[in-house]
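*Asks:* Pasting in a structure now, in structure tokens, and then I'll have a few things to ask.
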Amino acid sequence: MNKLLIVGTVAFDSIETPDDKVEKILGGAATFIGISSSLFNINSAIVSVVGGDFPSEYIEMFRKRRIDVASLEIKENGKTFFWAGKYAKNMNERETIKTEVNVLADFNPVVPENYRSPNVIVLGNLDPIVQLKLMEQIHKSPTITILDTMNFWMDNTMKNLKKIISKVDLICINDEEVIQLSGLDSLIEGAKEILKMGPDFIIVKRGSLGSVLINQSNVFECPAFPVKKVKDPTGAGDSFAGGLAGYLTKVNSSSFDEIKNAVIYATATASFSVEGFGINGIEKIQYSDIVKRADFINKLL
């Protein structure tokens, strides 16, 4: 069975929206990517770190989903990464209330031996230095390597970010980050400028406007799935990355046509994520549920 390697945070989140508030629930990029990609009936491994305060039942949940946790390091005397945020009324803007880096401060990723030649790699939103350290341990080039990053790393570690961008096949960022990274005001021209940095593909995430897949000769626009009510957008981007990676691991392809299909399935996956707090939106669904929403999105094209 095809293999997916994931590096990213496994964390606790406290989230406040205009309608509700939850304290210290399971979150983190690797968590959302791992759970959402597991719906595609693949084998995966998470490379991350948690503290001694991390509940064993969460680790067991990963195992039940065929997620290898041999490289989920547990620092018994440390605390798990924690983030608290508050969403504005429109749910498009959020304020970070608190970030406690904790055990992530000196995280040194170690790739399991049986995942050093994976089919797909997802570098979840994380310090580019950690992403670079992980890539140094890969024996054989995967079918596709996906990078998800954000403006924080553009502001603080641009040199290392550009190093990791040069080593990946596909980068996922939002429209504002395209402008910041490229230095150009045009979304399409900015995306093509980023392609010159090394990747073959870029996916521009545009929230309720959907997403755009771009390479040097093609552009594909995918609409968002019309969700009735957004409860929590926190894991949407990571669930998108998980759906994308899950589909591409399943088909083991990096062609433009298959990445187009993957974007549709990723959009469908992310639409479930926003319907519940934390992992609740994606935890209880099946692959068949994603297929139904992907079919609906196809009809909108």
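What follows draws every value from the coordinates through simple rules; no lab data is involved. This is a predicted model, so every value here is computed, not measured. So basically every Cβ, Gly included, is an ideal-geometry build from the backbone, and we count neighbours across all protein chains shown.
*Asks:* Just to confirm the filter: which trypsin sites (Lys or Arg not before Pro) across segment 147-228 are DSSP coil and have at most 11 other Cβ within 10 angstrom of their Cβ?
*Replies:* Of the trypsin sites (Lys or Arg not before Pro), the ones in loops of segment 147-228 whose Cβ has at most 11 other Cβ atoms within 10 Å are Lys196, Lys228.
*Asks:* Take every DSSP beta bridge whose two residues both sit in the chain, then give the antiparallel share in percent to the nearest 5. Write down the numbers at each step before the final one.
*Replies:* Numbers: 19 of 51 bridges.
Counting DSSP beta bridges with both partners in the chain, the antiparallel share is about 35 percent.
*Asks:* Would you mind pulling out the separation of the Cα centroids of segment 63-98 and segment 156-187, in Å?
*Replies:* About 23 Å separates the Cα centre of segment 63-98 from the one of segment 156-187.
*Asks:* Could you point to the residue in Val69, Val130, Asn160 farthest towards the positive end of segment 3-300's charge dipole, with +1 and -1 charges on the Cβ of Lys/Arg and Asp/Glu respectively?
*Replies:* Farthest along the dipole direction, towards plus: Val69.
*Asks:* Need the C-alpha centroid separation for segment 101-119 versus segment 232-300, integer Å.
*Replies:* 24
*Asks:* Rg(Cα) of segment 96-147 divided by 2.2 N^0.38 Å?
*Replies:* Values: Rg = 12.9 Å, N = 52, 2.2 N^0.38 = 9.9 Å.
In units of the globular-protein estimate, segment 96-147 measures up at 1.31.
*Asks:* So how much slack lies between Glu57 and Ala88, counting 0.36 nm per residue of separation and subtracting their Cα-Cα distance, in nm?
*Replies:* Between Glu57 and Ala88, full extension yields 7.9 nm more.
*Asks:* Going by a ≥ b ≥ c, the root eigenvalues of the Cα gyration tensor, does segment 170-255 fall in the rounded group (a/c under 1.5), the prolate group (a/b larger than b/c) or the oblate group?
*Replies:* oblate
*Asks:* Still on this structure: Over segment 60-177, what is the relative contact order in percent, taking alpha-carbon pairs closer than 8 angstrom and at least six residues apart?
*Replies:* Answer for segment 60-177 is 18 percent.
*Asks:* Where in the chain are the DSSP H helices whose C-alpha atoms run 18 Å or more along the long axis and whose mean Kyte hydropathy is at least 0.0?
*Replies:* Once both thresholds are applied, what remains is 236-251, 256-273.
*Asks:* Based solely on its DSSP helices, what 222 nm [θ] is calculated for the chain when runs of n ≥ 4 H residues each add -39,500 (n - 2.57) and the sum is averaged over all residues, nearest 500 deg cm²/dmol?
*Replies:* Values: 11 runs with 110 residues, N = 301.
The per-residue figure over the chain is -10500 deg cm²/dmol.
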